[in-house]
Every structure is written in structure tokens, then in C-alpha cells.
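The values are calculated or read from the model by the stated rules, or taken from the named source; none is laboratory data. Computed from a predicted model, the values in this text were never measured in an experiment. For neighbour counting, all protein chains shown are included, and Cβ atoms are generated from backbone atoms with ideal geometry for every residue, glycine included. Surface accessibility is based on the protein's heavy atoms, side chains included, excluding ligands, DNA and RNA. Shrake-Rupley method; radii C 1.70, N 1.55, O 1.52, S 1.80 Å.
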Amino acid sequence: MQSHRTNHGKTGSGLTRGRMSRMFSGKRRLWTGLVAGIALAAAAGTVASAANSSSSSTSSVSVAAVSTPTGPTSLSKTWPTPTGTTNLTATKAISGTYDGGMKRFQGWGGTQDEGQDPLFTVANGGTIKNVIIGAKAGDGIHCLGTCTIQNVWWEDVGEDAATQKGKVSGQVMTIDGGGAKKASDKIFQQNGPGKTVIQNFVAQDFGKLYRSCGNCSTQYQRSVAFYNVMIVEPGKSLAGINTNYKDTATFKWVRLYDANKKISICDRFTGNSSGKEPTKTGSGADGTYCKYTSSDITYK
């Protein structure tokens, strides 16, 4: 006859309370670990998202805004004295902000020959300031996007003083302060799209102060604005723009030392992408492409 034992300390499943307690304790540890793991994963995702957001924000360069003049201010015809001279043997690449400490930089060239290397390239978002460029100026400065050229002085412009070479949509090349002289052809050239701003600037003994490229292989609509500039003869024109590409030029607080009023304010051209010499179609204010009134121009 089979004997029946009383199951003291057992459940209906046949497990002791101690074993059951250990099992639930293990399950609690398992769930605690899973919850912690989920929390860590969520935190890691948040960190990764923040990192990606930070990376994304740095890919679109932020540039400090340069204040537009609100009226004419005094400008000097006297070029600054260099604090020293640095001779460059190759193009110096600038990213971020570079302060030249008012040293003179020179390298090669000094002629109007096309295709010379620049002394400086300024990356998208970059600033070059407090620089004097000497007689061996090459092709000056190449701007590769939105850039600021602040308090830079050219003693003897070579091929060009500065050229906008960037292809960034909406880019702005801002020339703020400084001056340029002895430019038998152009001071500033814009090849890429966007806008050029020339303000608080002195130009003396030059051909053209600004030219929207008249025959580049790729053409764009471009604009230029002049605020508080002083022009000292001799010179040929302040701006040359291409009306067929809907370029515009705006002038405010322009002072000219031009006794016989020989310097043209704004010349209009029909540009092309074939490399041919563009055709000049007119000069002077027209309210559409060349934007200024007689009160914007003062003769001294």
C-alpha cells in the first residue's frame, strides 16, 4: 500500500518556498537589468542624436554678421604702416578667423597676368583681417564661400585684390574696411553666385572697383552693394554688372574725389559663358539694375 506523505513546506507545484523565493529574486534581477539596459540604450540614443545634431549644425557654417553702415563715416587716404613683412612661398589657406596683426604679406607676381595663384584662400565661413598685401600680390585673396575680408589693405594690386570663387548658394563676400590702390584692371571680381558687399572702403588709382564676371564658363545672377566708400581718382568705373543675368548694384554714401567726374558709377553689360568679351549696353542709374540716386553720390 502506497503511503501518503504530508507535504509540509511545499506548494502544489512541488517547489519549496525557499526555491520559489530564489526564483522570483532572480526574475527581479533579470527585469532590473532589462530596464537598466533599456534606459542606457535610450540615453545612448539621446547622446547619439545630440552628436548627430551637433555634427549637422557644424556642417552648415555659421558666420558672424557684419553690421551694415547706417551713414557715412570718415575714411582716410593714408595707408597704414606695416608692423613687419612676411614673404609667402605658397598660398596660405585660412579657415576660421585669421588676424595678420597688420603685417605686410607678399609673395609673387604683381602683374595683370591671368591664372596667378592667390596669396590667401579663405574657406566658407572664414575671416581674414588686419593684413597689408604688398607689391608682389599674385591674385590676392580667393573667397571660397561666405567670407569676411576685414581691414585688409592692398598697396599695389596684382591680378585682382580679391575674387569670389565659391559656389555656395546664397554666399556673401563682405569687404569691410581697408583699401586698395594701383589696380590697373579690377579690384574685386565675383565669379560665383550670391552677393558682394563693399563697405567702409577706400579705392584709389584703379580700373574697376567691382566686376561681375562677364564671360565665365558658368554664369549666375549676382549682386553687389556699396556702403560708405571713398573713391580717389584716377579710376574708370565702380561697378560692372550683367543685366542679362539680372545682376544688380546698389550704392549708398559714395564719395568721389573725381574733379572732372570721369569715373562711371555703374556700367551695364550683356555677359556670356563663351569667353568672349562682353558687350557694354549702358551706364548710369536705371532703377532696376543700377540702383542709386544723385543723393547717394557726393563729389569732393
Taking the condition of being open to solvent by 10 Å² or more (accessible area, probe 1.4 Å) and more than 19 Å from the chain's Cα centre (by Cα), how many residues in the range 160-185 meet it?
4
Just one of (1) under 29 Å from ASN151 (Cα atoms); (2) buried (at least 19 other Cβ atoms within 10 Å of the Cβ); (3) touching a Ser or Thr at 6+ places or on another chain (Cβ under 7 Å) trips up ARG255, so point out which.
(2)
Given (1) surrounded by fewer than 20 Cβ atoms within 10 Å (Cβ to Cβ); (2) within 18 Å of ALA162 (Cα to Cα); (3) of a type outside the set (D, E, K, R), THR248 misses just (2)
Regarding LYS136, is this residue surrounded by fewer than 20 Cβ atoms within 10 Å (Cβ to Cβ), within 19 Å of ALA180 (Cα to Cα), at pLDDT 95 or above and of a type outside the set (Gly, Ala, Ser)?
no
When both residues are 6+ apart or on different chains and their Cβ atoms are under 8 Å apart, which pairs have a first residue that lies in the range 258-269 and is closer than 14 Å to ILE297 by Cα, and a second that is of a type in the set (Asp, Glu) and outside any strand (DSSP E or B)?
ASP258/GLU233; ALA259/GLU233; LYS262/GLU233; ILE263/GLU233
When residues of the range 200-240 are filtered for being touching a Cys at 6+ places or on another chain (Cβ under 7 Å) and β-branched (Val, Ile, Thr), how many remain?
0
PRO69 passes all but one of (1) modelled with pLDDT of 60 or more; (2) open to solvent by 80 Å² or more (accessible area, probe 1.4 Å); (3) not polar (S, T, N, Q); which number fails?
(2)
Within the range 191-223, tally of residues that are open to solvent by 10 Å² or more (accessible area, probe 1.4 Å) and among the β-branched types (Val, Ile, Thr):
2
ASP113 being touching a residue at least 40 places away in the same chain (Cβ under 8 Å), open to solvent by 40 Å² or more (accessible area, probe 1.4 Å) and of a type in the set (D, E, K, R):
yes
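Suppose we filter GLY158, GLY115, GLY145 for residues that are at pLDDT 95 or above and either in a loop (DSSP other than H, G, I, E, B) or farther than 26 Å from THR68 by Cα (or both); which single one remains?
Only one candidate passes the filter, namely GLY145.
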Just one of the numbered conditions (1) under 17 Å from GLN204 (Cβ atoms); (2) more than 26 Å from the chain's Cα centre (by Cα); (3) not basic (Lys, Arg) is not true of GLY284; which one?
(1)
